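Encoded as C-alpha cells, the structure appears first; notes follow it.
The numbers here are math on the coordinates, done by the rules we state, and not lab data. On a predicted model such as this, the values are computed, not experimentally measured, just so you know. Cβ atoms come from the backbone with ideal geometry, glycine included; neighbour counts cover every protein chain shown.
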Amino acid sequence: MKKHILVISGDGIGAEVTTWGKAVLEQIGKTYGHEFTFDEALMGHEAIEATGSPLPDETLEKAKASDAILFGAVGHAKYDNDPSAKVRPEQGLLGIRKGLGLYANLRPIMLFDELLNASSLKPEILKGTNILFFRELTGDVYFGEKKRSADTASDLMIYHRYEVERIAIKAYEAARLRGKRLCSVDKANVLETSRLWREVVQEVAKRYPDVETEHMFVDNAAMQLVKNPKKFDVVLTANLFGDILTDEASQIAGSMGMLASASIGDGTGFFEPIHGSAHDIAGQDKANPLASILSVALMLEISFGLSEEAKSIKDAIDKTLKEGYRTGDIADSNTDKSKILGTTAMGKKV
Ligand code: GGG
C-alpha cells in the first residue's frame, strides 16, 4: 500500500512525540511492505511565529492533498497569560477541523492491564473498562459567535440538526460493532441545544433497535465515569462536554499521555494525542510518546483498513509495559526506577 502522510508537529512536546509516531509508521512500512511518504507543515504558535497565521494556507492545502495527518499539539503559555490575544495557536486546530470537515472525534479509552495501578482510581473499578467516546468537533460554543465588551462576554452555543444526526449515525454504527450500548450525554434539563441533541439522537436511535440507548446528563456522566466506568460502551456527546469528559476519562487509562484520538468526517483523517503542548516539559525528553504511537495505530485501522498492523503496534506497547518500562507519567511506587524512560528511550523500545 502507498500512502502520503502529512506530519504537523505543532508546539511544545508536539515534535518530540510525533517523531516516535512517525518512526513507528516507518517501521510498520518496512515490516509489512507498505510505502509511506511524508511531508511536514506548520500549525499553532510555531506557525504564528513563522507566518503570522496559526493555520497557513499552505498547511490546509497540504492537509487536503494527503491520505492522513499525524498531528502533535498546539498551545503556548504566552497566550494563556494574555487573554486579550486575538491570534491564538488553538485557532489553527479549530480551523483545520472545520477546513477538513472533521466532525467526529473518536477517543478510545484503552486500558492496558499493566497500568491498572498507574491510575488514582481503584483497579477493581477500572478492570474491564473499554469506552469509545464520540466527541462532536465542529459545532458548539467552539464555533458559535463570540462577543466581548468591557464587562460582558458571550460564546454562542449552537447546534444544527444535521450536525447532531451525522455524528449520531457514526456513533451508532460503531456501537453496533462493539458492545451494542450507546450513552448520549447532554444537559437537556437546562440547555436548548441539548434538547435538540436529545431529540435528534432519539430519532436516530429508532434506526438502530439492536443498540441499547441511554441518555445521561453531563454532570451525572462525569460522576459515573469515576464511580463505575465499566457501565459505558460508546459515549456520544457534544464538543465542550466531550473535551472535558475525555480529559477526566484519561485517568482511567493512567495518564493523558496514553490517549490517542482520530478525527474523521468528509475527507482526510486527522490523528493526534488528546494531550496538549505541555510547555512545562517541552524539550526535556520527558513526554510520553505512547499516545502519538497509538494515534498511528488508529490511522492504520481507520484510514487505511490495516487492522493487523494496528494490532501489532498495540501488542508492542503491551509488551513494553509488561517488561516494566514506563515514562514518568505512568510510573507508580512499584516501578523499577531503572525502567523509567524518557521519550526517546520509550519510543525506541516500542
Ligand atoms: N493534541 C491536542 C491539542 O493540541 N489540544 C490543544 C487544544 O487546543 N485543544 C482544543 C480542543 O481540543 O478542543
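When only alpha-carbon atoms are used, what values of Rg and Dmax, in angstrom, describe region 1-154?
18.7, 60
Say each of residue 176 and residue 348 gets a label point 7 Å from the Cα, pointing the same way as Cα to Cβ; how far apart are those two points in nm?
Label at residue 176, label at residue 348, 4.8 nm between them.
Full-extension gain between residue 285 and residue 244, please, as 0.36 nm times their residue separation minus the C-alpha to C-alpha distance.
Using 0.36 nm per residue and subtracting the Cα-Cα distance, I get 12.1 nm.
Near residue 8, within a Cβ-to-Cβ distance under 12 Å, what is the net charge of the other residues, with Lys and Arg +1 and Asp and Glu -1?
-4
Which of rounded, prolate, oblate describes region 114-175, given a ≥ b ≥ c as roots of the alpha-carbon gyration tensor eigenvalues and a/c under 1.5 marking rounded, otherwise prolate only if a/b is larger than b/c?
Cα axes put region 114-175 in the oblate bin.
Tally Lys and Arg at +1 and Asp and Glu at -1 over the other residues with C-beta under 15 Å from the C-beta of residue 163: what net charge comes out?
0
How far is it, in nm, from the label point at residue 322 to the one at residue 50 when both lie 7 Å from their Cα along the line to the Cβ?
Between residue 322 and residue 50, the label points sit 4.1 nm apart.
Å³ per residue of the Cα convex hull, for region 119-253?
Once divided by residue count, the hull of region 119-253 is 112 Å³.
Going by Cα centres, region 1-57 and region 141-169 are how many Å apart?
Value for the Cα centre distance between the two parts: 30 Å.
I need the calculated FRET efficiency for the pair residue 169 and residue 337, taking r as the beta carbon distance and R₀ as 41 Å, to the nearest 0.05.
Plugging the Cβ-Cβ distance into 1/(1 + (r/R0)^6) gives 0.25.
Subtracting the Cα-Cα distance from 0.36 nm times the residue separation, let me have the gained length for residue 228 to residue 158 in nm, one decimal.
Taking 0.36 nm per residue and subtracting the Cα distance, the gain is 22.1 nm.
Report the convex hull volume per residue for the chain, counting only C-alpha atoms, in Å³.
140 Å³
If you average the alpha carbon positions of region 256-312 and of region 198-245, how far apart do those two centres end up, in angstrom?
23 Å
Calculated FRET efficiency, residue 148 and residue 77, Cβ-Cβ r, R0 22 Å, to nearest 0.05?
Working from the Cβ atoms, E equals 0.50.
What is the sum of charges around residue 324, taking Lys and Arg as +1, Asp and Glu as -1, for the other residues whose C-beta is under 15 Å from the C-beta of residue 324?
0
Quick one: which of 91-97, 340-346, 80-86, 205-211 comes out on top by average Cβ neighbours within 10 Å, and what's the full order, highest first?
With the highest mean Cβ count within 10 Å placed first, the list reads 91-97, 340-346, 205-211, 80-86.
222 nm [θ] for the chain, helices only, -39500 (n - 2.57) per DSSP H run of 4+, per residue, to 500?
-12000 deg cm²/dmol
Separation between the residue 84 and residue 32 pseudo-spin-labels, each 7 Å from Cα along Cα→Cβ, expressed in nm?
It is 5.2 nm.
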